[in-house]
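One structure below.
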Amino acid sequence: MAGITWAGQDIAGVVAAKADFADGPSPYFIAGEFWLLYVWVPLVVLSASALFVAPGLLLALAAAPPDEGFEHWLLKGFTLSLFGVPAIAAIAQSVTGIPMVGTAFVLLTVLLSLIGIGLLSSRPSPDILKGRSWDVAGMVLLPLVVLLLMTPKFYWEVLNDDGAHSFMNARLFIARGLPFWPPESGPIGGYPTPKMVAETFLQTGFARFFGPYESSIRFAYLPGVSFLFAVMLAFVRNPKTGTDAWSAIGLAAALALFSFVMAFNPSYNPYFADIALPMTREPLIFLGVLGYILFFTERKFGWMAAVSTLALLTAPNGILLVGFFLAAHFVLTRPLPFAHVIIGGLLALAVVILASLTQMALERSGLTGMSSEFNTNSILRRLRFVTVFDTQRILFWLLPGGLLPGLALLAWPWQDKLSKTLTLMTVGYVLFFYVQAYRILPHHFAPAVLLPLIVFWRLRPVQAAPAGALALALVGLVFSTWISWPETLRPFTHTRHLGHRIVIETETSSSFDLDEIRITPALIGGAFPPVWTEADLKERYMAGGLSVYVHARMPAPEGTTPDYFVRDESEPLGDGERVIGKAVEGRVLVARSTAVYEKDLQSAGIPVSIAPAYHVSFDTIFGQGARQEPRPVWDIAKLVGLR
């Protein structure tokens, strides 16, 4: 495992050098590179995934009680590794001055694993893997299948602005030793925050293994979906008969479809979605919620709080899901569990409050700037305008799971208490996002896709006849795949071609120059202004300042002709050159010619890989205010007399 990771630590760079395959006739199968792309790279990535989680799993196994469950061990070990390994790497790098990347990081994870191995040698360990062959097989095969089916999306697709932000966050964590941007960083500094940081820890681990490449931070999705499969399978596993092949295959197939939909569709970019974000963080949110439910039910409040950080420190919907679970559990339990719910709720709130206090301390100490994303005001603005007529959103939570699991929520008489709790959770969660008029995309419904999968496979008729249930589920998956098929499967590469034609001629103070990171995306954004409406999108290309900057800093192919130059404002212009946009802090973006710039600014011929079923109009994403067309939107503040 460690040896394979060490031997393959250059795979991301090797794959990146073959990015021209993305524009070739058959990007999903390159026969001449079969061994590299479909054998060696997947083997190295799965080995690195196992190596990354090994320290936490071994430590959790060494501390496990004799009756420890398989899913308990996975949740504990994953949480320990996700937060512990990157944090220790940052500390080790700060203390020793040795960059914890490549060989050094591999060696560090091996040394951390030896701690758990040493503790295990002094005591008997529980036989956690007994009867879990299907679970373990799925944990290996599911991420492998996801990677092999979407290799161009993982390997060669460009980063959109969300993905570029994740990419830069990982670079920041490695360079600074802290995953939070300093105050002088500019707009990029609003994310991550202590309440939205878990995926940055995970992606940084893979960037340390493989280097700063697009594929590195996308590979981080694979251990997440692997552990998600195993923990979800534990929720549908019959304790008397053990794991059956039918539910394992059905759940794995549904998660493969879920991965496919999340890879191609949820994006504020009008052309394509990026695996790096939000797809990579979705398994973390759901793992944290399932861990909370599991340990809450068993009244293991310490581990409940610890594992819930996977959700509560990833996105705001983590605390929302916990709240809906507690409400559903309270309604369905007799006698009413006042103390149990109060303790569970207070501990979840304590995690969120502690993260908020950490953010305040970082801001006051000058270590990071203030973030306005997902603060109270921004959330209230989202909730202010509502609609009930955006029925497309029903597809967002029914299709990615294969249709049938979503309909299983209607089978209330066949559900046990836990299933009914998850059903009420799902209904509450769907309604919360369904009525919001603006800024709602398919990934907002991701937990509502996954919860019904557990409900479906726990139904009494399904448990009694799992083979027949699998056949019906596969029919639903095939139908959902057909509806979810994107307009094109080709990876988006336009941003890379533009970025490679930009030359940054200004001096940099270091390999991670905050002035350059703040200024250059602003210059690119001024030349290629953001698009907020469908009408504007038809007229011009929406480049994405941060993503273009990231690709401008990556090596360009030999023979690439520069068309744009970032220079000091005082530098004279050459023949035919012109400044585009406004100067930013004494720097300008210069175009080689007006004709080249006007051609790049046009939107004609830009491919779109978002499926029609999941396409959301920019007028809906970035709309504002009450209106009647094309669908009624109401202002709650006005209706209740606050405006």
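Counting only helices (runs of 4 or more DSSP H) that sit wholly inside segment 198-241, those with at least 3 residues that are touching a residue at least 40 places away in the same chain (Cβ under 8 Å) and either within 22 Å of Arg176 (Cα to Cα) or in contact with a His (Cβ under 6 Å, 6 or more places away or on another chain) (or both) are 198-210, 214-219. Collect the residues in segment 260-276 that are of a type in the set (A, V, I, L, M, F, W, C) and open to solvent by less than 10 Å² (accessible area, probe 1.4 Å), keeping them in residue-number order. Scanning segment 260-276 gives Val261, Met262, Ala263, Phe264, Phe272, Ala273, Ile275, Ala276.
Being open to solvent by 30 Å² or more (accessible area, probe 1.4 Å) and touching a residue at least 60 places away in the same chain (Cβ under 8 Å) is a property that Phe70 lacks. Does any residue of segment 60-67 turn out to be under 22 Å from the mean Cα position of the chain (by Cα), of a type in the set (D, E, K, R) and over 22 Å from Ala7 (Cβ atoms)? Looking for residues that are under 22 Å from the mean Cα position of the chain (by Cα), of a type in the set (D, E, K, R) and over 22 Å from Ala7 (Cβ atoms), one finds none in segment 60-67, hence no.
Among the residues of segment 406-417, write down those that are farther than 30 Å from Gly623 by Cα and either open to solvent by less than 10 Å² (accessible area, probe 1.4 Å) or free of Cβ contacts under 8 Å to residues at least 60 places away in the same chain (or both). Residues satisfying the conditions are Leu407, Ala408, Leu409, Leu410, Ala411, Trp412, Pro413, Trp414, Gln415, Asp416. Figure legend. Inter-residue proximity from segment 33-47: first residues more than 10 Å from Leu144 (Cα to Cα), second residues in a helix (DSSP H, G or I) and hydroxyl-bearing (Ser, Thr, Tyr), beta-carbon distance below 7 Å, spacing 6+ or different chains. Indicated pairs: Leu37/Thr151; Val44/Thr5; Ser47/Thr5.
In the set (1) open to solvent by less than 10 Å² (accessible area, probe 1.4 Å); (2) more than 30 Å from Lys240 (Cβ to Cβ); (3) part of a helix (DSSP H, G or I), the condition left unmet by Pro143 is number (2). Val101 passes every criterion in (1) over 30 Å from Arg237 (Cα atoms); (2) in contact with a Gly (Cβ under 9 Å, 6 or more places away or on another chain); (3) part of a helix (DSSP H, G or I); (4) among the aliphatic types (A, V, I, L, M) apart from (3). Looking only at residues of segment 169-191 that are farther than 10 Å from Ala90 by Cβ and charged (D, E, K, R), we find that the one that is most open to solvent (accessible area, probe 1.4 Å) is Glu184.
Here the condition is being open to solvent by 50 Å² or more (accessible area, probe 1.4 Å), at pLDDT 95 or above and of a type in the set (Phe, Trp, Tyr); of Phe325, Phe330, it holds for Phe330 alone.
When segment 29-57 is filtered for residues that are touching a Leu at 6+ places or on another chain (Cβ under 7 Å) and either crowded, with 19+ Cβ neighbours inside 10 Å or more than 22 Å from Ala137 (Cα to Cα) (or both), the ones remaining, listed by number, are Ile30, Pro42, Val45, Leu46, Ser49, Pro55, Gly56.
Looking across segment 248-307 at every residue that is without any contact (Cβ under 8 Å) to a residue 12 or more places away in the chain and in a loop (DSSP other than H, G, I, E, B), the one that is nearest to Ser547 (Cα to Cα) is identified as Lys300.
Looking only at residues in segment 73-98 that are among the small types (Gly, Ala, Ser) and in a helix (DSSP H, G or I), the one that is surrounded by the fewest Cβ atoms within 10 Å (Cβ to Cβ) is Ser94. The one condition from (1) in contact (Cβ under 8 Å) with a residue 24 or more places away in the chain; (2) hydroxyl-bearing (Ser, Thr, Tyr); (3) surrounded by fewer than 19 Cβ atoms within 10 Å (Cβ to Cβ) that Thr368 does not meet is (3). Residues in segment 478-497 that are under 14 Å from Tyr155 (Cα atoms) and either within 21 Å of the chain's Cα centre (by Cα) or surrounded by fewer than 21 Cβ atoms within 10 Å (Cβ to Cβ) (or both): Leu489, Arg490, Pro491, Phe492, Thr493.
With respect to the conditions (1) under 27 Å from the mean Cα position of the chain (by Cα); (2) open to solvent by 30 Å² or more (accessible area, probe 1.4 Å); (3) over 18 Å from Pro192 (Cβ atoms), Gly344 falls short on a single one, namely (2). All of Ala473, Ala464 fail the test of being without any contact (Cβ under 8 Å) to a residue 40 or more places away in the chain, farther than 30 Å from Glu184 by Cα and among the small types (Gly, Ala, Ser), apart from Ala464.
Across segment 238-259, the number of residues qualifying as buried (at least 21 other Cβ atoms within 10 Å of the Cβ) and more than 19 Å from Leu472 (Cα to Cα) comes to 2.
Could you please find all residues in segment 425-440 being closer than 24 Å to Ala252 by Cα and either surrounded by fewer than 24 Cβ atoms within 10 Å (Cβ to Cβ) or among the aliphatic types (A, V, I, L, M) (or both)? Answer for segment 425-440, where residues must be closer than 24 Å to Ala252 by Cα and either surrounded by fewer than 24 Cβ atoms within 10 Å (Cβ to Cβ) or among the aliphatic types (A, V, I, L, M) (or both): Met425, Val427, Tyr429, Val430.
Every condition in (1) farther than 17 Å from Trp397 by Cα; (2) modelled with pLDDT of 95 or more; (3) surrounded by 15 or more Cβ atoms within 10 Å (Cβ to Cβ) holds for Ala471 except the one numbered (3).
Residue count for segment 283-308 satisfying the condition of being open to solvent by 10 Å² or more (accessible area, probe 1.4 Å) and at negative phi: 9. Within segment 152-166, the set of residues being open to solvent by less than 10 Å² (accessible area, probe 1.4 Å), more than 19 Å from Thr368 (Cβ to Cβ) and within 17 Å of the chain's Cα centre (by Cα) comprises Lys153, Phe154, Tyr155, Glu157, Val158, Leu159, Asn160, Gly163, Ala164.
Those strands (runs of 3 or more DSSP E) of segment 512-626 in which 3 or more residues are open to solvent by 20 Å² or more (accessible area, probe 1.4 Å) and not small (Gly, Ala, Ser) occupy 564-568, 578-584.
The values are calculated or read from the model by the stated rules, or taken from the named source; none is laboratory data. Here the structure is a predicted model, which is why all the values come from computation and not from measurement. Please note: Cβ atoms are built from the backbone with ideal geometry, for glycine as well, and neighbour counts cover all protein chains shown. Each accessible area value is taken on the protein alone, full model and side chains, heavy atoms only, with ligands, DNA and RNA left out. Shrake-Rupley method; radii C 1.70, N 1.55, O 1.52, S 1.80 Å.
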